[in-house]
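Heads up, the thing below is written out as structure tokens.
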Amino acid sequence: MTSNDIVLLLTALGVLLAVARLFGEIAQHFHLTAVFGEILAGIVLGPTLLGLMAPEIGKTLFSPSGTGALVFEGIITLSVVLFLLVAGLEADISITWRQGKAVATMGISGIFFPSIIGFSVAWFFPDLLGRGAHADPLLFSIFIATALSISALPVIARILMDLDLYRSDLGMMITAAAIFNDLIGWITFAVILGMMGQENRHLSLMWTILLTIGFTLLTLTLIRKLIHRILPWIQAHTGWPGGQLGFTLSMTLLGAAFTEWIGVHAIFGAFMIGVAMGDTPHFRERIRALIDQFVSNFFAPIFFASIGLKLNFAVHFDLQMTLLVMVIACLGKILGCSLGGQMGGMPPREAWAIGFGMNARGAMEIILGLLALRFGIISESLFVALVIMAIATSLMSGPMMQRILRLKKPRRFYDFLPDQSIVRLQAVDALGAIAELAEAVGTVDGLTSREIAEAVRKREQLVPTGIGNEVAAPHARLPGISQPVVVLGISRDGIDFQAPDGRPAQFIFLILTPSKDNGAQVEILADIARTFRRRDFRMAALAAKGMTEFLAVVKSYGNSK
């Protein structure tokens, strides 16, 4: 690269990142996903707007050819590889196995219904969906089936966090079903990539498929166990957090390189290594958050903004095709997941909420569409329709869940606190704290403190209930109790509930809700998370000498952020 090439490359990256982050922040200010703003930034800087108003500037900054363009494409590839690592880290497969019948039925129906609808429309009406001029009909139909059946786990996780549902039973159910969808969807797409007949292929299609399946099984078994054994040694004998970060990123790049070598895109290897890494309890939340923050604020904005640089979205927009993609995408996913949830024994309201939660697409469909466009499977118009569908489904998911679950006027947690004093915890671990709080509850509608503690412990073992901001909310839904019960315990030294921010919990809420009250647990958890966001509030609450002073602090601070 010449000095001029380096100047143009760094300028292009700087401008792209700055505009993408700015638009992402603006989008979040209006309660939209950051991905929406980042893609819009690329559209503004690409041929759709900048290319129309100042084509020379656009061509100079984002040249489609030359050494700088090649290096830029390499950075984009690295960005999407690291983004899929983050997606894999979120995919805790142990949750999937623990959830049983409901997740299995939701996962299968959430893939089956949209796949059948998508495949049928693509096979019988390919022109309506913009099949590539030289694309194989079967390959195109399988791609549409896969693209419309896969959910976007990172987007779903972000929506659940925004709604304060991520650590609830409902959030855990949606997350588990999304993990199931992601694993099946990415394995299927890996096979599709093997069928594309990429240039410079040195392995036959059969070897590519066999190696893909073998790599998947090996990653979820042997490699996962090796990571589980190696991580404690790395944490004990290397610098923190550099040792674990270096190990994680090295494994990711090697896994990505291997799947690229066998004829599948590098992103599949990165995703599977992320799944294996995220499934061990030794992979601490602090490292996960560190990788997520760095990737989400540097590499992800560059990647998503680069999408808008590739196409003129105004020229290739097809209203009929976009509406058709929206209808078949939403119909298959919402109906499939909600029916699966009801077949799995879930109440209708929660099942429909899961259907809309799983309907959020976002990044995954965009990445798949980008690869399909590159290999000539789909047209530019269908790619634009997929991007619009992904953004639209992500935007509608949260509001629809709020409406179905009736979260507009949530119950306040302090309405269910007893008149007794706050429990000053002596325990040093999560299970001990649960036992102390259950003892403080006593007997509730015939359930003994021992039975209550056991139910809460089982729930805690599924997914830790640390909310963050020095708050934890161990909880359980119990048959037979008539109304919610909330008990507050305070630990001066803090107790590790494995919160996302890595902080020990000083405020521990034991929450018991009736199993037939679908919204109580969700509303109470959301209210606690909102109330304890402010550090000055937490300091004032910690200084409270009893329940009366604590309630006075809560009422005086209100729910302001």
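Suppose we filter 468, 432 for residues that are outside the structural domain of residue 286 (by TED's automatic domain parsing), out of contact with any Asp or Glu (no Cβ under 9 Å at 6 or more places or on another chain), of a type in the set (Gly, Ala, Ser) and at pLDDT 85 or above; which single one remains?
On the way: 468 fails: out of contact with any Asp or Glu (no Cβ under 9 Å at 6 or more places or on another chain).
After applying the criteria, what remains is 432.
Can you find even one residue in segment 505-528 that is under 20 Å from residue 425 (Cβ atoms) and surrounded by fewer than 20 Cβ atoms within 10 Å (Cβ to Cβ)?
So far as segment 505-528 goes, no, none of its residues is under 20 Å from residue 425 (Cβ atoms) and surrounded by fewer than 20 Cβ atoms within 10 Å (Cβ to Cβ).
Scan segment 400-418 and give yes if some residue there is in a strand (DSSP E or B), in contact with a strand residue (DSSP E or B) (Cβ under 8 Å, 6 or more places away or on another chain) and not aromatic (Phe, Trp, Tyr), otherwise no. Before the answer, list the steps.
Looking only at segment 400-418, we keep the residues that are in a strand (DSSP E or B), and these are none.
Looking through segment 400-418, none of the residues is in a strand (DSSP E or B), in contact with a strand residue (DSSP E or B) (Cβ under 8 Å, 6 or more places away or on another chain) and not aromatic (Phe, Trp, Tyr).
Of the residues 455, 427, which single one is part of a loop (DSSP other than H, G, I, E, B), at pLDDT 85 or above and surrounded by fewer than 24 Cβ atoms within 10 Å (Cβ to Cβ)? Give the derivation first.
Values: 455 fails: part of a loop (DSSP other than H, G, I, E, B).
Of the residues listed, the single one that is part of a loop (DSSP other than H, G, I, E, B), at pLDDT 85 or above and surrounded by fewer than 24 Cβ atoms within 10 Å (Cβ to Cβ) is 427.
Would you pick out the residues in segment 458-480 that are touching a Ser or Thr at 6+ places or on another chain (Cβ under 8 Å), surrounded by 20 or more Cβ atoms within 10 Å (Cβ to Cβ) and not in a strand (DSSP E or B)?
473, 474
Residues that are among the hydrophobic types (A, V, I, L, M, F, W, C), modelled with pLDDT under 70 and assigned to a helix (DSSP H, G or I): does segment 118-140 have at least one?
No, because not a single residue in segment 118-140 is among the hydrophobic types (A, V, I, L, M, F, W, C), modelled with pLDDT under 70 and assigned to a helix (DSSP H, G or I).
Could you tell me how many of the residues in segment 38-54 are over 16 Å from residue 299 (Cβ atoms) and assigned to a helix (DSSP H, G or I)? Even if it seems obvious, please write down each step before you answer.
First, pick out the residues of segment 38-54 that are over 16 Å from residue 299 (Cβ atoms): 40, 43-54.
If we keep only those that are assigned to a helix (DSSP H, G or I) as well, we get 40, 43-45, 50-53.
Number of matching residues: 8.
Out of the residues in segment 201-226 meeting the condition of being at pLDDT below 85 and aliphatic (A, V, I, L, M), tell me which one is surrounded by the most Cβ atoms within 10 Å (Cβ to Cβ).
Only one residue fits best here, namely 211.
Residue check, residue 390 against (1) in contact with a Phe, Trp or Tyr (Cβ under 8 Å, 6 or more places away or on another chain); (2) under 26 Å from residue 312 (Cβ atoms); (3) surrounded by 23 or more Cβ atoms within 10 Å (Cβ to Cβ); (4) among the small types (Gly, Ala, Ser), all met but one. Which one?
The failed condition is (1).
Scan (1) aliphatic (A, V, I, L, M); (2) within 21 Å of residue 502 (Cβ to Cβ); (3) in contact with a helix residue (DSSP H, G or I) (Cβ under 8 Å, 6 or more places away or on another chain) for the single condition residue 273 breaks and write down its number.
Result: residue 273 passes all but (2).
The values are calculated or read from the model by the stated rules, or taken from the named source; none is laboratory data. Since the structure is predicted, the reported quantities are computational estimates derived from the model, not experimental observations. Don't worry about glycine lacking a Cβ; one is built from the backbone with ideal geometry, like all the others, and counts go over all protein chains shown.
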